Amino acid sequence: MSARDPLPDLLIAIPAVIIACKAGAMLFRRLGQPPVVGEIAVGILLGPSLLGWLWPAAQTWLFPGTVLPFTGAFGNIGLLAFMFLVGLELNLSALRGHSRTAIAVSQASIALPLLLGSGLALLMYDTLAPEGVSKLAFVLFIAVSMSITAFPVLARILTDRGLYNTRIGALAMACAAVDDVTAWCLLAAVVAVSTSSSPIEAFTTAALAAAFLAFMIYAVRPLLAKWAVRAARTVDSVVLVVLFSGLCLSAFTTDKIGVHALFGAFVFGVITPRGSRVIELCAARLRAFTIPILLPLFFVNTGLRTDVGLVVADPMMWLWALAIMVVAFLGKWGGSTTAAKATGQSWRDAMSIGALMNCRGLTELVVLNLGLELGVIGPGLFTMLVLMALFTTAITSPALSWIRRGVPPAKEADDVADGPLVHEPVRLPAKAATT
């Protein structure tokens, strides 16, 4: 008996997911939230937390077992393209003039969450760690998951509020840029520890990752720079093929090394030359397809793994969820605010930076799904951390409005930075919402 053809089911599931996530993004956009909050919420609602609870037959019909491997694969491809775009939009050379504050704030916003997260993880280990997971891997993962800032969501919030090119916006983006690079390096180390059976194997994985990074920076980057000069006279479709193939091959390499495909895609984005209009145009086209079409499939796959019922059914889980929320806020917002104030910022600006650095968004979901796939965390803890990511992202914009109340728009507009601290990509006319 031949296996059932998944294509008819995919032709229903994919547009249903895309339309639902788009509707959620538009609704939350009207409520003053970044679109990613609506997309995460829709993903959760389509999973066992609501649809599977109220109408299990409908969820099974919409997401039969035959389609899940395909929606997962498409979502992961979208995720790789997204990580490439995140890397491409980082521009650490633009830290000049803000480097002291940016480095201080970013490192404090990682160090304090790492410390508090480690303490919380030690308390949770006996109760919430999956069987067979080493204490070191569990503690490191929870600590790093508390240290994430959603660089792309932060950019979108600043753009929506007209703060992107102001001094406070430039400073926040600089802090997030340094934070992103540090957090991904730490996560690579966590993955190496989690997937290695011995310290020697972990060291070998780390050494191979370092060799890959050096090769990309000192060998591939100069070649790409020379190619980018000639790419101005190349057909756009050829450039797009080269970029997409490059990110896939980089992702494949890091996956084989043992530090996950996401790191390869991110690194390829970081080393891709800036300033070439044809590269910018192709990146914008990739963004215009990835964000609205492929990433919703990742959100729904996350939602299918998230079961709020696991938390609601047990009062102790509520207490753990509350502890996670408190540590997340104290570590990220508290650490960033304190460091910003210590470097000479006003309390209003320091608290604004703290609120922005506390935004976790899609980047946190990427990390959490990685932890679940590696078996470092279980479904219950995964659900609590997803809810933390959703809440900390949703609170960012209202908190910023409250902190900066009384500041006239004209004052914000006059407070312009010397230059943007991230590379601002070329946008297609039909711009997709940045997640």
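Here are some notes:
- Per residue, the accessible area of the chain comes to 42 Å², computed with a 1.4 Å probe over protein heavy atoms only.
- Its relative contact order, with pairs defined as Cα atoms under 8 Å and 6+ residues apart, puts segment 205-319 at 27 percent.
- Stokes-Einstein diffusion coefficient of segment 279-331, Kirkwood radius over Cα pairs, 20 °C, 1.002 mPa s, in µm²/s: 151 µm²/s
- Each label was represented as a point 7 Å from its Cα along the Cα-to-Cβ direction; for residue 4 and residue 70 these points are 1.2 nm apart.
- Surface/4 estimate of mean projected area, convex hull on alpha-carbon atoms of the chain, nm²: 22.4 nm²
- Evaluated over segment 99-178, the Cα radius of gyration and Dmax, each in Å: 16.2, 49
- For residue 391, the solvent-accessible surface with a 1.4 Å probe is about 100 Å², rounded to the nearest 10.
- Accessible area of residue 12 (1.4 Å probe, protein heavy atoms only, ligands and nucleic acids ignored): about 70 Å².
- For segment 146-288, diffusion coefficient by Stokes-Einstein and Kirkwood Rh (Cα), 37 °C, 0.692 mPa s, µm²/s: 195 µm²/s
- A viscosity of 1.002 mPa s and a temperature of 20 °C, combined with the Kirkwood radius over C-alpha pairs in the Stokes-Einstein formula, give segment 242-386 a diffusion coefficient of 118 µm²/s.
- GNM flexibility winner over the chain from 270, 300, 220 (Cα, springs under 10 Å): 220
- Projecting label points 7 angstrom from Cα along Cα→Cβ for residue 200 and residue 60 puts them 5.0 nm apart.
- Short-range pairs are left out: with C-alpha atoms under 8 Å and at least six residues apart, the relative contact order of the chain is 31 percent.
- Surface share of carbon and sulfur [accessible, 1.4 angstrom probe, percent] for the chain: 70 percent
- Seen from residue 383, the other residues with C-beta closer than 11 Å to its C-beta sum to a net charge of 0, counting Lys and Arg as +1 and Asp and Glu as -1.
- The spacing between segment 5-54 and segment 375-389, judged by their C-alpha centroids, is 20 Å.
- The order of 131, 373 by accessible area, most exposed first and with a 1.4 Å probe, is 131, 373.
- Extending 7 Å from Cα along the Cβ direction at residue 230 and again at residue 312 yields two label points whose distance is 6.0 nm.
- FRET efficiency for the residue 252 to residue 405 pair, using the beta carbon distance and R₀ = 56 Å, is estimated at 0.70.
The values are calculated or read from the model by the stated rules, or taken from the named source; none is laboratory data. Model, not experiment: these values are computed from the prediction. So basically every Cβ, Gly included, is an ideal-geometry build from the backbone, and we count neighbours across all protein chains shown. Each accessible area value is taken on the protein alone, full model and side chains, heavy atoms only, with ligands, DNA and RNA left out. Shrake-Rupley method; radii C 1.70, N 1.55, O 1.52, S 1.80 Å.
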